[in-house]
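A short worksheet on the structure shown next.
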Amino acid sequence: MRIGVLGTGNMAEALATHWVRAGHDVAIGGRDVHKTERLATHLGGSAKPASLREAAEFGQVVLAALPFGAGARVARELRAVLDGKVLIDCSNPIGPGFRLLTQGGLSAAQQLAAAAPGTHVIKAFNLCHEDVWRMSPPIFDGRPLAIPVCGDDETALALVHQLVRHAGCEPVAGGGLERAGLLEATAALFIGLWVGEGADAQAIAPPLAYAAGPRHEEPEDAEKAFR
């Protein structure tokens, strides 16, 4: 698969590392030629430096590894070359006090989609610190990290699910792009718990077997409890 990466920061490096190792062709795009060359050299393999436009043109799938706000600006600039492509948004619109900056409006992913309306935007890879993505692979207690993925196009979702697996993780269907804001809000909550409170965010939910409580019901009865 041809992958264009917009950005040369930590998320670009962490995710592209997995994809280069998996044998994908990767173009690293940025405005700073020296940064793109350094990152491409660091990644090795098929990775090559490029401008933002060249990376967008190159990729069948394009990762927007850019800060919130910058992503929409770049997508607007490149919307002609992004037309018809899969665009992955991994950003988190989180401000001081772990506040969600998009509250009451479009999610960061929906803003990308509005900036480049011909793209198939997919929300993924936003719930963990970049150093988690640097793990090879991210496995905890013998279980691969699960990655919620939101989007509207089935073909685009299938491609991103493949890239999730090539990062050593398991994709989880998160619903359509209208649910991307829920992923972004979850990131704000989790980061606030982890960083602000030093709390174990994973401990706030019971195991799947107890999602409906410790009751002995037929499956159809358990479904009714959520209606």
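The values are calculated or read from the model by the stated rules, or taken from the named source; none is laboratory data. Computed from a predicted model, the values in this text were never measured in an experiment. Note that we place each Cβ from the backbone using ideal geometry, even for glycine, and neighbour counts take in every protein chain shown. Accessible surface areas use protein heavy atoms only, side chains included; no ligands, DNA or RNA. Shrake-Rupley method; radii C 1.70, N 1.55, O 1.52, S 1.80 Å.
The relative contact order of the chain comes to 16 percent, based on Cα pairs under 8 Å that sit 6 or more residues apart.
Expected output is a single nm value to one decimal: the length gained when fully extending between His129 and Leu182, i.e. 0.36 nm times separation in residues minus the C-alpha distance. What is it? Please list the in-between numbers first.
Values: separation 53, 0.36 × 53 = 19.08 nm, distance 1.78 nm.
Result: 17.3 nm gained on full extension.
I'd like the FRET efficiency for Ala80 and Ala201, computed as 1/(1 + (r/R0)^6) with the beta carbon distance as r and R0 of 35 Å, rounded to 0.05.
Values: r = 40 Å, r/R0 = 1.15.
Efficiency, from the Cβ-Cβ distance: 0.30.
Two-decimal Rg/Rh of region 1-72 from alpha-carbon positions, Kirkwood Rh? Please report the intermediate quantities before stating the final value.
Working: Rg = 10.5 Å, Rh = 11.4 Å.
A ratio of 0.92.
Once the Cβ-Cβ distance of Tyr210 and Thr155 is raised to the sixth power relative to R0 = 41 Å, the FRET efficiency obtained is 0.70. Calculation over all alpha carbon pairs of region 42-96 in 5 angstrom steps from 0 returns a P(r) of 4, 18, 26, 24, 15, 9, 3, 1 percent.
Using a probe of 1.4 Å, the accessible surface attributed to Asp200 totals some 100 Å² when neighbouring protein chains are kept in position. Distance between the pseudo-spin-label points of Arg73 and Arg99 (7 Å out from Cα toward the beta carbon): 2.1 nm.
Taking the chain on its own, what percent of its Cα-Cα pair distances exceed 28 Å? Considering the chain, 31 percent of its Cα-Cα pairs are separated by more than 28 Å.
What is the Cα convex hull volume of region 101-189 when expressed per residue in Å³? Don't skip to the answer; put the middle values down first.
Details: hull volume 9.0 nm³, N = 89.
About 101 Å³ per residue, rounded to a whole number.
For the peptides 126-137, 164-175, residues were scored by their other Cβ atoms within 10 Å and the scores averaged per peptide; the highest-first order is 164-175, 126-137. Going toward the positive end of the dipole of region 28-124, with +1 on Lys and Arg Cβ and -1 on Asp and Glu Cβ, which of Gly30, Gln110, Ala40 do you reach last? Of the listed residues, the answer is Gln110.
Based on DSSP H segments of at least four residues, each scored -39500 (n - 2.57), the chain has a per-residue ellipticity at 222 nm of -10500 deg cm²/dmol. Close amide H partners of Gly4, meaning residues 5 or more places away or on another chain with modelled amide H under 5 Å apart, are Ala27, Gly59, Gln60, Val61, Val62, Leu63.
When Lys and Arg each count +1 and Asp and Glu each count -1, what net charge do the other residues less than 12 Å away from Cys150, Cβ to Cβ, add up to? Each step should come with its number before you reach the end.
Numbers: positive: Lys123, Arg179; negative: Asp89, Asp152, Asp153, Glu178, Glu184.
Net local charge, Cys150 excluded: -3.
Report note on the peptides 85-94, 67-76, 176-185: ranked by the mean count of other C-beta atoms within 10 Å, highest first, their order is 85-94, 176-185, 67-76.
Give me the percent of accessible area attributable to carbon and sulfur for region 72-227, probe 1.4 angstrom. Before the final figure, lay out the partial values.
On the way: 4750 of 8720 Å².
Ligands and nucleic acids excluded, carbon and sulfur give 55 percent.
Under a Gaussian network description of the chain, with springs only between Cα atoms under 10 Å, the residue in Gln60, Gln110, Gln162 that fluctuates furthest is Gln162.
Efficiency by 1/(1 + (r/R0)^6): what FRET value for Arg143 and Ala114, r their Cβ-Cβ distance, R0 = 25 Å, to the nearest 0.05?
Plugging the Cβ-Cβ distance into 1/(1 + (r/R0)^6) gives 0.10.
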